[in-house]
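Visitor: Please read through the structure below; I'll follow up with questions.
The values are calculated or read from the model by the stated rules, or taken from the named source; none is laboratory data. Treat the numbers as computed from the prediction; the structure is a model and nothing was measured. Don't worry about glycine lacking a Cβ; one is built from the backbone with ideal geometry, like all the others, and counts go over all protein chains shown. Just so you know, the surface numbers come from the protein's heavy atoms only, side chains and all, with ligands and any DNA or RNA stripped out. Shrake-Rupley method; radii C 1.70, N 1.55, O 1.52, S 1.80 Å.
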Amino acid sequence: MTLTSDAPRRLESYACGAWVAGTGKGQVLTDAATGDAVAVIDAGGLDTAAMLEHARSRGGRALRAMTYHQRAGLLKEFAKVLMDAKEEFYALSSATGATRTDGWIDIEGGIGTLFAYSSMGRRQLPNTRLLIDGEPEVLSKDGSFAGQHILSPLKGVAIHINAYNFPCWGMLEKLAPTWLAGMPAIVKPASQTAYLTELMVRRIIDSGLLPDGALQLVSGSIGSMLDHVTAQDVVTFTGSASTGRMLRSHPEIIANSVRFTMEADSLNASVLGPDAVPGTEEFDLFVREVVREMTVKSGQKCTAIRRVIVPEAVSEAVIKAIGEKLAKTTIGDPRAEGVRMGPLASLAQRDEVRARIRELRAEAELAFGTPEAVDPLAGDPDKGAFQAPVLLHCADPLNASIVHGVEAFGPVATVMPYRSTDEAIELAARGEGSLVASVFTNDGAFAREAVLGLAPWHGRVLIGNRTTAKSSTGHGSPLPQMIHGGPGRAGGGEEMGGLRGVHHFLQRTAVQGSPDMLTAVAGKWVRGSATCGGNTHPFRKSLAELEIGDTLVTGTRTVTLEDIEHFAEFTGDTFYAHMDEAAARANPFFEGRVAHGYYIVSIAAGLFVQPDPGPVLANYGVDALRFLTPVYPGDTLQVSLTCKEINPREGADYGEVRWDTTVTNQRSEVVAQYDVLTMVARSWPMAA
Ligand code: NDP
């Protein structure tokens, strides 16, 4: 392709705080539908070692200085900036071959992931710089030696190598957990659609919200960047299995045990249950889902359904129903009115898909479609990468291998019959590990058997039935809250999955020492460590005054039979163990009538509460409540309440305080143990 006076834009990389053009001639990137030049890409001359160092020394330092809630707030700010600019992204997205619906998945799906991680960060993580993983472990008989796992952000940089099919979502779904964890990132989009990623990165940088070095972009080849990775860096990869394997075995990645998350192509299956015969809602849902998965993004989705596994008796009906729907798919330039499916990303990609179809046809016959031809209305087939949907049928899939191993990354799927549940599972497993499988059934027993069989081979399993017909996000949609990744051929990685995705960028460390040392290190009170307090009731202290370890030891209260009966009648809880002496004695756990657990919790509150208006604004629950010793009439109870964790909320004049609560009897036996959760004012009296 020769460049005219209307020369396309030269993409730039964002390196070490500046936009830089490549020094090479560059590669022309073309519009998937028209073949027009869209941009020129080249990263020649980039100093990739300097980029890594810039990220580590500037970006990482700045991000780690922020708390989890501050970083979560940042994600939300970016999401808003990008949402405001979304029409710009949609306009450019058509050049990749994406329809408005395809663009929505990529653009707003990606921005939604930022919002989701922001919300998870603020709701599920403390407003600290250090995360605590799990409860402390007592490691000695006398309790003087204990352990606590902590999580801290790695001090390197996350290098994200992305695929061409989701230039926005592919970047954002990785950036969200990376930034929330406190790591800087270098994004390397796939060249073919990098112009859209570049535009989005420009809008992020233009916002001025991001600390210097937190985000850099390589528009073009990453060159020798991987030669400079260190043990604190992380590499994530999405793309073909062959490139992934090659990068994963890079000598520096192996030598430094660099974390490498790989998400590669897979031959995802959808299984139709035996109950879902033609005429049922599940049959219709299944057919709709297969067609949607074949045509959305023109089938260029790592999660798309490639293998359609159906009961032998209905395979003909399935092929007919899918074919009828596919026949209604209008293919063309995604900018044109009424077009449901755009072209593939490039002519090269179309040739690739056609070559794969030829391979698949060695084992599968053509059931619908014209592999080498194109709807004449679609556009110029020499310029636009149009590919009509193709449905294949493999009659003997148990004795086939190509249909389970060759992925045509386009609007192509193969129907395969099964005769038993075991056979359906066996066929799905022949994919050697996939990102997702779906099961369409309204039969719980079949769903259970199928899911248990499929689970070891899949990162995600979706069950479709009439109940979720309207609410389900569908087979092909990875969600921020759920794991995206899969075993074996799918790469063996896991992305997102809520906070699990954040953990890829954190180092887990087991810290061992005395309870006092663990409290000092983790900033969370560990049982057995020192307490403090003085004469002021801790409920009279604002966040500014409270200290970890502030403790109240209450007065006592003796439990009477009248109390128990009163509580039983008042609440209506007349369970025999509280009311019937003989029946209670017959119970293996009790020696007679016992107090209600909730009575114990209630009188404990009566013992520790300071009733006047004060900095404690509300009690919003208890965690980990356990009743450990029965309480009998005549027992005398006492409470010890210790400030365990203080969590000021970002931008609010209050925060959460967690109180370790232990109720003991007159023999110092622990009767009940739990955490009381309260909202406490930052200062008292509160500002108007
Ligand atoms: P590739 O594996 O070739 O490319 C994926 C990413 O890796 C791109 O960013 C690419 O950059 C980069 N890359 C390629 N070679 C190197 C290298 N030597 N060093 C560093 N980075 C490198 O996949 P394609 O995008 O070409 O797609 C090919 C096939 O992969 C598809 O047909 C499909 O089967 C599968 N695929 C799977 C996806 C998934 O989500 N699981 C998504 C997309 C594709 P550049 O573009 O600049 O070469």
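Visitor: Go through SER57, SER93 for me and flag whichever is among the hydroxyl-bearing types (Ser, Thr, Tyr), within 30 Å of the chain's Cα centre (by Cα) and closer than 30 Å to GLY338 by Cβ.
Guide: SER93
Yes or no, residue by residue, for (1) in a helix (DSSP H, G or I); (2) buried (at least 17 other Cβ atoms within 10 Å of the Cβ); (3) at pLDDT 95 or above:
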residue: LEU46; (1), (2), (3): no, yes, yes
residue: GLU53; (1), (2), (3): yes, no, yes
residue: ARG58; (1), (2), (3): yes, yes, yes
residue: ALA91; (1), (2), (3): yes, no, yes
residue: ILE111; (1), (2), (3): yes, yes, yes
residue: SER118; (1), (2), (3): yes, yes, yes
residue: ARG123; (1), (2), (3): yes, no, no
residue: ASN127; (1), (2), (3): no, yes, no
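Visitor: Among residues belonging to the range 208-239 that are polar (S, T, N, Q) and closer than 28 Å to LYS25 by Cβ, point out the one that is most open to solvent (accessible area, probe 1.4 Å).
Guide: If we take residues in the range 208-239 being polar (S, T, N, Q) and closer than 28 Å to LYS25 by Cβ, then SER221 is most open to solvent (accessible area, probe 1.4 Å).
Visitor: So, GLU407, is that one touching a residue at least 60 places away in the same chain (Cβ under 8 Å) and open to solvent by 10 Å² or more (accessible area, probe 1.4 Å) or not?
Guide: yes
Visitor: Then there's this: Looking at the structure I just gave you, is VAL415 open to solvent by less than 30 Å² (accessible area, probe 1.4 Å) and within 30 Å of ALA445 (Cβ to Cβ)?
Guide: Yes.
Visitor: State all residues of the range 275-295 that are of a type in the set (Val, Ile, Thr) and either part of a helix (DSSP H, G or I) or within 15 Å of the ligand (Cβ to nearest atom) (or both); if no residue qualifies, say none.
Guide: Passing the criteria: VAL287, VAL290, VAL291, THR295.
Visitor: Also, quick follow-up: If you check LEU139 against the conditions, is it more than 12 Å from the ligand (Cβ to nearest atom), touching a Phe, Trp or Tyr at 6+ places or on another chain (Cβ under 7 Å), open to solvent by 20 Å² or more (accessible area, probe 1.4 Å) and touching a residue at least 12 places away in the same chain (Cβ under 8 Å)?
Guide: When the stated conditions are applied, LEU139 passes them.
Visitor: Taking ALA98 as the residue in question, decide whether it is crowded, with 23+ Cβ neighbours inside 10 Å and assigned to a helix (DSSP H, G or I).
Guide: no
For every residue, the table says whether it meets (1) open to solvent by 20 Å² or more (accessible area, probe 1.4 Å); (2) in contact with a Lys or Arg (Cβ under 9 Å, 6 or more places away or on another chain); (3) at pLDDT below 90; (4) within 16 Å of the ligand (Cβ to nearest atom).
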| site | (1), (2), (3), (4) |
| --- | --- |
| VAL339 | yes, no, no, no |
| ALA355 | yes, no, no, yes |
| LEU360 | no, no, no, yes |
| GLU363 | yes, no, no, no |
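Visitor: Being of a type in the set (A, V, I, L, M, F, W, C) and more than 16 Å from ILE564 (Cα to Cα) narrows it down to one of VAL594, VAL631, VAL616, VAL601, so name that one.
Guide: When all the criteria are applied, what remains is VAL616.
Visitor: Give the residue, chosen from ILE254, ILE205, that is β-branched (Val, Ile, Thr) and open to solvent by 50 Å² or more (accessible area, probe 1.4 Å).
Guide: ILE254
Visitor: Separate question: Among helices (runs of 4 or more DSSP H) lying entirely in the range 157-274, which contain 2 or more residues that are basic (Lys, Arg) and over 30 Å from PRO8 (Cβ atoms)?
Guide: Once the helices (runs of 4 or more DSSP H) in the range 157-274 are filtered for at least 2 residues that are basic (Lys, Arg) and over 30 Å from PRO8 (Cβ atoms), what remains is 241-248.
Visitor: Can you find, within the range 301-324, the residue that is surrounded by the fewest Cβ atoms within 10 Å (Cβ to Cβ) among those that are within 16 Å of the ligand (Cβ to nearest atom) and not polar (S, T, N, Q)?
Guide: Going through the qualifying residues, I end up with LYS301.
Visitor: THR34 versus (1) closer than 30 Å to ALA385 by Cα; (2) open to solvent by 60 Å² or more (accessible area, probe 1.4 Å): which is the lone unmet condition?
Guide: Every condition holds for THR34 apart from (2).
Visitor: Could you grab me the full set of residues in the range 614-661 that are open to solvent by less than 40 Å² (accessible area, probe 1.4 Å), in a strand (DSSP E or B) and farther than 24 Å from ALA681 by Cα?
Guide: THR636, LEU637
Visitor: So which of GLY493, GLY488, GLY476 is within 25 Å of VAL310 (Cα to Cα), within 16 Å of the ligand (Cβ to nearest atom) and within 15 Å of the chain's Cα centre (by Cα)?
Guide: The conditions single out GLY476.
Visitor: Across the range 174-191, which residue is nearest to ALA98 (Cα to Cα) among those that are within 16 Å of the ligand (Cβ to nearest atom) and surrounded by 22 or more Cβ atoms within 10 Å (Cβ to Cβ)?
Guide: PRO189
Residues checked against (1) touching a helix residue (DSSP H, G or I) at 6+ places or on another chain (Cβ under 7 Å); (2) assigned to a loop (DSSP other than H, G, I, E, B); (3) within 30 Å of LEU452 (Cβ to Cβ):
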residue: GLY338; (1), (2), (3): no, yes, no
residue: ARG350; (1), (2), (3): no, no, no
residue: GLU372; (1), (2), (3): yes, yes, no
residue: ASP380; (1), (2), (3): no, yes, no
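Visitor: Can you go through SER221, SER298, SER257 and tell me which one is more than 28 Å from ALA395 (Cβ to Cβ) and either within 13 Å of the ligand (Cβ to nearest atom) or of a type in the set (Phe, Trp, Tyr) (or both)?
Guide: SER221
Visitor: Under 6 Å by Cβ, and 6 or more places apart or on different chains, what pairs join a residue from the range 83-101 that is aliphatic (A, V, I, L, M) with one that is part of a helix (DSSP H, G or I)?
Guide: MET83/ILE111; ALA85/ARG203; LEU92/LEU196; LEU92/LEU199
Visitor: Go through (1) more than 16 Å from the ligand (Cβ to nearest atom); (2) surrounded by fewer than 21 Cβ atoms within 10 Å (Cβ to Cβ) one by one and return the number of the condition TRP169 breaks.
Guide: The failed condition is (1).
Visitor: Okay, next question. Please pick out the residue among SER242, SER266 that is among the small types (Gly, Ala, Ser), open to solvent by 10 Å² or more (accessible area, probe 1.4 Å) and modelled with pLDDT under 95.
Guide: On inspection, the qualifying residue turns out to be SER242.
Visitor: Are any residues in the range 563-579 within 20 Å of GLY606 (Cβ to Cβ), surrounded by 13 or more Cβ atoms within 10 Å (Cβ to Cβ) and hydrophobic (A, V, I, L, M, F, W, C), and if so, which ones?
Guide: Across the range 563-579, the qualifying residues are ILE564, PHE567, ALA568.
Visitor: GLY379 fails exactly one of the following numbered conditions: (1) surrounded by 22 or more Cβ atoms within 10 Å (Cβ to Cβ); (2) at pLDDT 90 or above. What is the number of that condition?
Guide: (2)
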